[in-house]
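The values are calculated or read from the model by the stated rules, or taken from the named source; none is laboratory data. All of these numbers come straight from a predicted model, not from anything done at the bench. Note that we place each Cβ from the backbone using ideal geometry, even for glycine, and neighbour counts take in every protein chain shown. Note: areas computed on protein heavy atoms with side chains; ligands, DNA, RNA excluded. Shrake-Rupley method; radii C 1.70, N 1.55, O 1.52, S 1.80 Å.
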Amino acid sequence: MKCYFNILLEFDKTIVNETIENTVRNSQKGYVCAIESNNLTIANKNEEFRKIINNALVNICDGSNITWFLSKIHKQPYKSYVGNDIFLHFIAQKKYRHYFLGNTPDILHNLRENLFKIDPQISQMQFIGLPFRGVEKFDYPSIADSINKDKPDLIWVSLGAPKQEIFMSMLCPYIQKGVLFGVGAAFNFNAKVGPVKRAPKWMRNLRMEWVYRAFEEPQKNIPRYWGFLKLLPKLLINEIHNREK
């Protein structure tokens, strides 16, 4: 991984996938963060959170506009690797044991039904909700005990950023093996119920998914995007300066 906007990122999908596969193959552990505008903003304002992000096994760039800016600055054809895409990539392999953690009972129920159509073995895997509470109040040894008994290869966490990144960093020391992923709304996208849905493909192609998400959940997302836009000029100036060193 290399440092961009003060965050370690890997843009090569092959390296990302191989890093995860090798970790599973060697019965090791770690966590993966999907970097988008919100957790990028928080990481640049909060040093402790930035350490959590940069201690990840590998980080992917989940923001198409972040990727676009970095491509222009560094004159490289970078492409984002969206959390939902990495989620579906590893589900489609049909060779891993998965563990699904977080979100609501309704989302988890429909997610199981829809993923069953991709891999029928998933019907026998664990879909576990979590109580609504502060990230510091979870019983991490108990959660890890359930995971360790199940022995999954991949553990998908849907709590939303920055909560899921902090959650993974606090849970990881207690698990024996496996790769944790913070995938946020990927559970909602693939459950295909409720108000949170993925933007149409034409909007994604135009790097306008953020507009769709802003109107989908305005109270939550508009302040997040505004915070990113206020920070963006400083990030761009620093990145250009660092490139020229």
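Reported count of residues in segment 50-83, each being under 15 Å from the mean Cα position of the chain (by Cα), more than 19 Å from T14 (Cβ to Cβ), open to solvent by less than 50 Å² (accessible area, probe 1.4 Å) and of a type in the set (S, T, N, Q), is 2.
Note on segment 193-242: residues that are within 17 Å of I7 (Cβ to Cβ) and surrounded by 15 or more Cβ atoms within 10 Å (Cβ to Cβ) amount to 8. Candidates are the residues of segment 187-217 that are under 26 Å from D119 (Cβ atoms) and of a type in the set (G, A, S); the one that is modelled with the lowest pLDDT is A199. When A43, A56, A34 are checked against the criterion of being under 30 Å from P131 (Cβ atoms) and either assigned to a helix (DSSP H, G or I) or out of contact with any helix residue (DSSP H, G or I) (no Cβ under 9 Å at 6 or more places or on another chain) (or both), a single residue qualifies: A43.
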